[in-house]
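Reading through the structure tokens given below for one structure.
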Amino acid sequence: MSRRRWRLLAPALLLVGIAACRGDHDDRHTLTFWAMGRESEAVAQLMPAFEREHPDIRVDVQQLPWKAAHQKLLTAIAGDTTPDVAQLGNTWLAEMCALDALEPLQPYVERSRVVQPADYFPGIWATNRIDGTLVGIPWYVDTRLLFYRKDLLAAAGFDAPPRDWAAWSRQLAALQAQAAPDHYAILLPTNEFEQLLSLALQQDEPLLRDGGRYGNFESAGFKRALAFYVERFKRHEAPLLANTEVPNPWAEVGRGVYAFYFSGPWNIGEFRQRLPASRQDEWATAPLPGPHGPGAGIASGSSLVIFRHSPRKAQAWLLIEYLSRPEVQQQFYALLGDMPPRRSAWRGDALRGDPAVQAFHEQLERVKPTPPVPEWERIVTEMQLVAARAAHGELTVDQAAAEIDRRTDAILAKRRWMLDRAGRAR
Amino acid sequence: MSRGRTAWLFLTPALLVLGVFFFVPVLGALGLSLTDYDLYALADIRNLRFVGLHNYGELLQRPLFWTALGNTFYFVVVGVPLSIGASLGTALLLNSPLARMKAFHRTVLFAPVVTTVVAVAVIWRYLFNTRYGLVNHALAVLGLNPVDWLGDPHWAMPTIIAFAVWKNFGYNMIILLAGLQAVPPELYEAARIDGASRWRQFRHITLPMLRPTMVLVMVLTVAGYFQLFAEPYVMTEGGPLQSTTSVLYLMYDDGFKWWNFGVASAVAFALFGIILAVTMLLLRLARRGAAA
């Protein structure tokens, strides 16, 4: 291109540039909010009230299917096209943090009158703190506990669910003794890691050691949890089935095929919908028994985060504050059944008056975070693959624990190298 | 301007497009496969290490890679003959002088090829649903027990093969039909006068005359079937018990689920090597057969 033509073109480009800036200026207050699955549909209904309170902000809720969400987030980070605010599964926080994609939120919380850390369940709040930095505000919580058949337990001679492992073992044995053929005391789908992970979190030993450099699955605590888990299959108290082979666990619990079902809060709605009204008082929920008295559970759920590259962080924080209000969280619970992470939100009538969710309330006070390393999802996937082999009797507890450690150490090799290098640089 | 330069000038646009969208990415991927590019490297490029052939070595020691390779070979070894058999059968029917409404039948048989894999796979998932699917309904009418088509590790791959064959046979059918129409009718006339049966006409005229077309179809189909991905992705997500995890599916998981692009690129090049080797073998066999 000749210099002369370039000179002619330059003002035109400048104009285009100004027009682009101008366009940016016009929608300065449009917040992009990425939400996943059913949450994205429900939260869209909460937006008109927020926009009425803040006429200068418009929220564009973009829906991501859960299956594609993780990939889409990483692609957005790689391509620097992240939204302003997003819902993130709390096990993804460490990963996003390693990519330096999230805005630290501690300064916002300190100035906020709405978000009060002391009001949150401590285990859930802790999952949002990665290496000492707060990167997310819990939005809704999720844990696993026991659903059980009251009448079957009573028929076996127990008037209350177990509070510790010893009582639980006795109840499982008694239930199995009186079970019909192909009926089981408990359903523990072999392809779900949450059950074993819950038992493992009840132990004193951490699951990773040396600052997340190595697996700690050969600790006495994890082996105890794994042995308890495998024992259920060995004694035929639990069937060797993956959840794909149990398409309708609710009907089967209703028929008494399983007396205990170790699962999550969405089942409350499923049981209410799928079992006839006459049988609704046969099932109940109970917090998890621990090795010695009531035990810990997993702290999953989603958090709200602000991306570091957002030019609208102040507005984004206003949105997070709005969604964190106890009364808005109660509305969200009414829309979807997602449980609020704040104790004050649990004082609403819908939650307080519901006996089935009370066990969750109790359990949420005792949830524990998993190790905050980006590799955790891969580690826990491998843990369950090996544990399923132990459940099938292919490996002993000791062999399985060693195998999980071996696989975990391989997954963490890169992390060790990075930590060591950072240590040398310091 | 010489002829050579003119030729290059005309080729430049195509070469540029190929270079930017094919050769550069392929070289990039080859480079990536020699590194440990992962999430940490995405965060900070200083976290990238050159690891040589380490990714390839690790791959060979990974049980899941061998499972995926076994599944892929199963799919190719069973799927390719079935697919080509179906193509040849329908092409012969369409080419038969007895066939009526040829254009209509050709269109109908070709239709699955132009549908989108994902949409049709969803429909097949309904058809093969254990409880509500039409297929099990038909089995029940015949008095047979229902089969858990996509949930049983032994049945999932056959179901996916059936789907892939149905989806793809139309394409080869058209190529083979063109090959059949190119066979000179005099050969059949001469054979008939010599008293050759239909079967002998097929064996000694049709098949030899189709040979070059068959080799082409075989090579294309084998290369395509080795790249099995969309069908298990939509229908089974690689399950149950990883029985439908193909090599490409493994690459997708490594790359886009765990973001280990170094490992994923190594998987891609391993698959490329396998396809190349198998294709060379096929071509050599074909040449030897032609010489004999």
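Things worth noting here:
- Centre-to-centre, using Cα atoms only, segment A:78-117 and segment A:372-426 are separated by 27 Å.
- Projecting the Cα atoms of B:185, B:134, B:255 onto the dipole axis of segment B:55-291, where Lys and Arg carry +1 and Asp and Glu carry -1 at the beta carbon, places B:185 farthest toward the positive end.
- Against chain B, whose longest principal axis comes from its Cα atoms, helix B:102-114 is set at around 10 degrees.
- Taken about its Cα centre, chain A carries a charge dipole of roughly 1300 debye when the Cβ of each Lys and Arg holds +1 and the Cβ of each Asp and Glu holds -1.
- Highest-fluctuation residue, B:209, B:251, B:157 considered, GNM on chain B with Cα pairs under 10 Å: B:209
- Remark: chain B carries a charge dipole of roughly 1080 debye about the Cα centre, counting +1 on each Lys and Arg Cβ and -1 on each Asp and Glu Cβ.
- Global geometry of segment B:142-241, whether rounded, prolate or oblate, following the gyration tensor of its Cα atoms and the 1.5 cut on a/c: prolate
- Dipole magnitude of the protein assembly as shown about its Cα centre (Cβ charges: Lys, Arg +1; Asp, Glu -1), debye to nearest 20: 2640 debye
- Unit charges at the beta carbon, dipole of chain B: most positive-side option, B:34, B:202, B:149: B:202
- The distance linking segment B:54-122 with segment A:200-232 is 47 Å (Cα centroid to Cα centroid, whole angstrom).
- By the count of other C-beta atoms within 10 Å, a proxy for reagent exposure, B:274, B:123, A:379, A:130 are ordered fewest to most as B:123, B:274, A:130, A:379.
- Chain A: angle of helix A:165-177 to the longest principal axis, Cα-based, in degrees nearest 10: 60 degrees
- Cα gyration tensor category, rounded, prolate or oblate, for chain A with a/c compared to 1.5: prolate
- Dipole axis of the protein assembly as shown (+1 Lys, Arg; -1 Asp, Glu on Cβ), positive-most option in A:188, A:92, A:126: A:92
- Among the listed pairs B:102/B:167; A:313/B:257; A:414/B:257, those whose Cα-Cα separation exceeds 25 Å are A:313/B:257.
- For segment B:55-291, the relative contact order is 29 percent, taking Cα pairs closer than 8 Å that sit 6 or more residues apart in sequence and dividing their mean separation by the residue count.
- Within chain A, DSSP assigns beta bridges of which about 65% are antiparallel (rounded to the nearest 5).
- GNM top mover of A:132, A:269, A:215 - chain A, alpha-carbon springs below 10 Å: A:132
- CD proxy at 222 nm, helix term only [per DSSP H run n ≥ 4: -39500 (n - 2.57); per residue of the protein assembly as shown; nearest 500]: -18000 deg cm²/dmol
- Global geometry of chain B, whether rounded, prolate or oblate, following the gyration tensor of its Cα atoms and the 1.5 cut on a/c: oblate
- Against chain B, whose longest principal axis is taken from its Cα atoms, helix B:63-95 shows a tilt of about 30°.
- In loop segments of segment B:105-161 as defined by DSSP, the trypsin sites (Lys or Arg not before Pro) with at most 11 further C-beta atoms inside 10 Å of their C-beta are B:131.
- Dividing the mean sequence gap of close Cα pairs (under 8 Å, 6+ apart) by how many residues chain A holds gives a relative contact order of 25 percent.
Bear in mind that the values in this text are calculations on the coordinates, not laboratory data. The structure presented is a predicted model; accordingly, all values stated were derived computationally and were not measured. Here Cβ is always computed from backbone atoms with ideal geometry, including for glycine, and neighbour counts include all displayed protein chains.
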